[in-house]
Each structure stands twice: as structure tokens, then as C-alpha cells.
1. Of the conditions (1) modelled with pLDDT of 90 or more; (2) surrounded by 14 or more Cβ atoms within 10 Å (Cβ to Cβ); (3) in a loop (DSSP other than H, G, I, E, B), residue 355 clears all except one; give me its number.
2. Going by the conditions given, is residue 93 buried (at least 21 other Cβ atoms within 10 Å of the Cβ), outside the structural domain of residue 378 (by TED's automatic domain parsing) and either at pLDDT below 95 or not in a helix (DSSP H, G or I) (or both)?
3. Restricting region 28-38 to residues that are under 31 Å from the mean Cα position of the chain (by Cα) and assigned to a helix (DSSP H, G or I), which is farthest from residue 96 (Cα to Cα)?
4. Pairs needed: first member in region 253-278, in the same structural domain as residue 383 (by TED's automatic domain parsing) and within 19 Å of residue 307 (Cβ to Cβ); second member anywhere, modelled with pLDDT under 85 and crowded, with 24+ Cβ neighbours inside 10 Å; C-beta distance under 9 Å; at least 6 residues apart or different chains.
5. If you scan region 38-50, which residues turn out to be surrounded by 13 or more Cβ atoms within 10 Å (Cβ to Cβ) and modelled with pLDDT of 85 or more?
6. Quick one: in region 112-128, which of the residues that are more than 16 Å from residue 69 (Cβ to Cβ) and buried (at least 16 other Cβ atoms within 10 Å of the Cβ) is nearest to the chain's Cα centre (by Cα)?
7. Filter region 289-315 down to residues that are assigned to a helix (DSSP H, G or I) and either modelled with pLDDT of 85 or more or out of contact with any strand residue (DSSP E or B) (no Cβ under 7 Å at 6 or more places or on another chain) (or both) and give me whichever is surrounded by the most Cβ atoms within 10 Å (Cβ to Cβ).
8. Residues in region 370-395 that are surrounded by 20 or more Cβ atoms within 10 Å (Cβ to Cβ) and modelled with pLDDT under 85: how many?
């Protein structure tokens, strides 16, 4: 097999599972899918982790050999964290009848597993090849450019959406239609979708570059490498922000008639933006406040490209906020059939990032800007109280470290009321700055 084009699949496994990993590698390469497997492809004499990092950055799919061995492997967890940060699709292949450990659960929850623990493993290879090829289609060059920067819609629609106007579709199935089957909409479509509704807008990956002429490499990074790394992660992963719901609670001047929420499954990165009329938002806020902060819900409205609904929100807002490709759901204010129906089912997992932006007072020379602030963030399961406490405690330790290094800190802003403290700058001030409406730097 010609591997001149480079590997397309990274195989993540514990050393004790090398036999299974080699078998999976051989099966894929027999079908002209070149793989990267550490014991064969890592260059001798070079740091082991450097080869792994380079490989994950270039492949299209990561196949996880899931077992009790990988559950206990710090290296496997680190590989999955890297794959997640690079938005590389993951296919777990379970070679032992075990559940994922807590360390791996965040990465595999919500994914379809390939169970291959009943011998012989060869009987599962046809399904393995089929599943990998579907995921490889998901990240073809066309989609890779879209996922990185959520660029404007282009190209003719493909496939039929007629079947989606009947019944209720869950968010995972909608993702298959949009991503795997490459269906695209020429005009908005009436639809009913079920998922986890969360009252935060997801910042799109690359949100800063889209709103500023200054690029990442141009910053002075007065706080050094730590400051640069923290901002890079924040900018790349695009966490949630309750900006429009903050306006609603504070009575600040929200010019648009809509709040931006997200409807997802398992993790905020799998969500789609939802435009909720301000007239419905207060009642929904009561539902959110009575639960963990979000709710399982069915949303009935219209699905379309965000350009179809740009008139309903502030100019540039839908480019600032991300989600499932370039699409969003909209509940039209004057349409009685457009509703949100909260469900009684319990949310076990809805993960994402909490964050705060702080500025060392001794670095300030006026208004805070990217050059002199630190973004402190932590991944959390929003639906679990213990996970939330753990996350906030970790953030407090990070803040203490920055304080010890740079002195007293000013809280510039934060993701939501879940993060303690009173920001020095209002959500409206930060929001307007990101939309280019003021000359202030944040």
C-alpha cells in the first residue's frame, strides 16, 4: 500500500493491547487506509510525545482501542485530549467488555462504539472499515475549512430534506444529516429537534480573528508563555458565554429581539445555535433556574443557514457565535407553532468550559486588552454539582498561581453566574467590543 500521502488514521492504544491494535491497523491498511501506530511509526531517537502530537494533527480519524488497559493509561487520555482539541473524530473500538473510565468518559460519551470483544476480532473488520470511512468523509477538505472558521455558506444544496419535516429528530441525527451525509439547505426548513437546551451562546472557533485586525502572532504577551497558551486554548475551543441571557437578566439594552441559546448532546461542541424570542426567554429562564442550568427539550421552529436569520440579531453576532457548521434553529416570534417543550428526563452529562478573564493590575496601562489579560478556563460537566465544584476549585488554584506570579488581579469578565465574582466590565461592553462597536480593547 502506498503511504506517500501520509497516515489518515491514528490508533490510540495501551501497550498491553498491541496485538489488537496491530490487527485493527492491518485491517484498515488492507483497505487502503494508512494508519499511524506508535510502536511502528514513532521516529527512534526523537521524543515520543512529539511524534504523537504531530501525527494527531495530520490524521482524519482517531481509533481508540478501548479496554481496561486503555482506561488506566495516562498516555491514551492525553492522546484523546489532543484529538479533541484538534477536532479529530473519534471511533472507540471496545476489545474488552468494560465501560470507559471517568478519565475517558468525557471523550467517548455520546459516540457510537464498535463492540469487538467477542472473538475472533476479524469478524468486526468490515464494520470497522465502513465506520472509519464514514468519519473520514466527515472531515474532507471542504468541511475542514468550514469547521475551522465557520465561513459563509456556499455551494448548491445536496440531497433531500423532505423526510425531516415529519416527526422529531435528535441532535445527533441532525449532525449526521449535516456533516456525514453533506446535506445543505437552500432555504429554511420547518423542523422539530430534541436535545439539551442550554442558555449560553457558543463562541465560534477563531472568534477573535474574525472580530479583530490583530492576529494571534502579533500580541506582545506581556504575561509570557502561560498567557499565550491560555488564550490559544480559549480562542481555539470557543467556550460558551451567556451574553444575551445576561442582557435579559440585567435589563441592559439588548437591541435584537432574540436571545441565543444552544441545543446539543453530551457536549457544547456538538450543539447548534437556537434563536429564542425575547418574549419567550423569561419563561425559559425560569425552567433553567429550576434545574441544573439547562434542560432536555424539544424545539420546534425552522432550521436554516445563519444568514437566513441575521436580521433578527445584532450585526455580526451569528459570526461571533458557533455551533453545528453554519446552521441554526430559529423560533419566529409571531409563529404560534414555534415552541420549546421542556422534557421531564434528567440530564446526566452536558460538558463544556467555564472561564474567566482576569488582568494583573500591575500590567494594566488603561483598559484591559488581550496583551495583558489571562483567560482561566476549565472543562466541566454542567449537569453534575460535584463536577462543577471540582472545576471551580481548579480554576481558583489557577487564579492563585497567576496572582502569585503577577500580583493582584482584576476580574474583567466571566462565562456565566456559575463563576463567582463581579466583573469590572459589563457583558454589554465586552460584547460591543467584540462586534467592533467601540474603540475599547478587551
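1. (3)
2. Details: buried (at least 21 other Cβ atoms within 10 Å of the Cβ): yes; outside the structural domain of residue 378 (by TED's automatic domain parsing): yes; either at pLDDT below 95 or not in a helix (DSSP H, G or I) (or both): yes.
Yes, satisfied.
3. Within region 28-38, the match that is farthest from residue 96 (Cα to Cα) is 29.
4. none
5. Of the residues in region 38-50, the ones surrounded by 13 or more Cβ atoms within 10 Å (Cβ to Cβ) are 38, 41-42, 49.
Within region 38-50, 38, 41, 42 qualify.
6. Only one residue fits best here, namely 114.
7. Filtering region 289-315 for residues assigned to a helix (DSSP H, G or I) gives 289, 306-312.
Then keep just the ones that are either modelled with pLDDT of 85 or more or out of contact with any strand residue (DSSP E or B) (no Cβ under 7 Å at 6 or more places or on another chain) (or both); that gives 289, 307-308, 310-311.
Numbers: 289: 9, 307: 13, 308: 18, 310: 15, 311: 9.
Among them, the one singled out is 308.
8. 2
The values are calculated or read from the model by the stated rules, or taken from the named source; none is laboratory data. Everything quoted here is computed from the prediction, not taken from an experiment. A quick note on method: Cβ atoms are made from the backbone with ideal geometry, for glycine too, and the neighbour counts reach across all protein chains shown.
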